[in-house]
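The values are calculated or read from the model by the stated rules, or taken from the named source; none is laboratory data. All of these numbers come straight from a predicted model, not from anything done at the bench. Please note: Cβ atoms are built from the backbone with ideal geometry, for glycine as well, and neighbour counts cover all protein chains shown.
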Amino acid sequence: MKAAEACRPVVELLHHEIRSGPLINIDETSVQVLAEPGRAATTKSYMWVCRGGPPDKPGIRYHYAPSRSKAVAKQLLTEYTGVVQTDGYNGYDFLDTQEGVIHAGCLAHVRRTFDEIRKARGKKHHKTGSADVALNWIKQLYRIESEAKRQELTGDELLAERRGKAKPILDDFHEWLREKATRAVPKSLLGKAVNYTLGQWDRLVVYLDHAEMSPDNNLVENAIRPFVVGRKNWLFSGTPEGA
């Protein structure tokens, strides 16, 4: 804790650099804190993670907070202008109307909702279903990104590639989703996946216009992994200050 306090000015400089733009990826994961005033030892707290700053030298900050409230996200993004990429957690919904901020979504989370349907069917089910159709479209979108990366496309070249190849696929996918929404049972796995994707749509297509970002929020999820691995070993923090 003494070392952390001594490093506070450096952490603040790091956070300033992260907020310099053009993109911040943000996510959060749970952490247990035992001696938290007024709260049971089993109550969930959260470690928030921000990744951003110069694309060639991104910074990563871990920020402890006792809650998952949108107030924490607002605090972390104070005075920031640029793209903020998140998952579909509704605590980030305020970003849709935040002045100077463009709210981007995560295609990987969309993929997971349809992949859950495929897994629920079991390995013995070989018939192609709606989930497979959706997963195929998403696979095509990632293939375009993979090929662009192989060609080392950046900037306007990358945007031209996305608009020329990914946008038509997204348009067809969107039309399919809208048609499915009229027939799928809302509370079924398919209904939930379709409606979740449609609800995220305006955020999902943001990457078509921003070369500095990818279609998903995996970069910050990867940044969380060392913390998650550590948590499996040390299990909890003793105090809020320790966290």
Does any residue in the range 32-43 that is closer than 13 Å to residue 242 by Cβ come within less than 6 Å, Cβ to Cβ, of a residue that is aliphatic (A, V, I, L, M) and part of a loop (DSSP other than H, G, I, E, B) six or more places away or on a different chain, and which pairs are these? 33/243; 34/41
Here's a check for you: in the range 230-240, which residue that is closer than 13 Å to residue 47 by Cβ and of a type outside the set (D, E, K, R) is surrounded by the fewest Cβ atoms within 10 Å (Cβ to Cβ)? 234
Which of the residues that make up the range 156-185 are of a type in the set (A, V, I, L, M, F, W, C), surrounded by 12 or more Cβ atoms within 10 Å (Cβ to Cβ) and out of contact with any His (no Cβ under 9 Å at 6 or more places or on another chain)? 158, 160, 166, 169, 170, 173, 176, 177, 181, 184
Return yes when residue 109 is under 21 Å from the mean Cα position of the chain (by Cα) and farther than 20 Å from residue 22 by Cα and no when it is not. yes
Taking the criterion of being at positive phi and either part of a loop (DSSP other than H, G, I, E, B) or touching a strand residue (DSSP E or B) at 6+ places or on another chain (Cβ under 6 Å) (or both), would at least one residue in the range 72-80 satisfy it? yes
Filter the range 34-53 for residues that are aromatic (Phe, Trp, Tyr) and either under 15 Å from the mean Cα position of the chain (by Cα) or at positive phi (or both) and give the result. 48
Any residue at all in the range 114-132 that is hydrophobic (A, V, I, L, M, F, W, C) and either assigned to a loop (DSSP other than H, G, I, E, B) or within 15 Å of the chain's Cα centre (by Cα) (or both)? no
Quick one: is residue 204 touching a residue at least 60 places away in the same chain (Cβ under 8 Å), of a type in the set (A, V, I, L, M, F, W, C) and more than 30 Å from residue 63 (Cβ to Cβ)? no
Just one listed residue, out of 155, 164, 129, is outside the structural domain of residue 62 (by TED's automatic domain parsing) and on the phi > 0 side of the Ramachandran plot, and it is 155
Just the residues that are of a type in the set (Val, Ile, Thr) and farther than 27 Å from residue 55 by Cα, please, taken from the range 219-243. 239
Return yes when residue 57 is in contact with a helix residue (DSSP H, G or I) (Cβ under 8 Å, 6 or more places away or on another chain) and within 25 Å of residue 212 (Cα to Cα) and no when it is not. no
Does residue 153 satisfy being crowded, with 17+ Cβ neighbours inside 10 Å and of a type outside the set (D, E, K, R)? yes
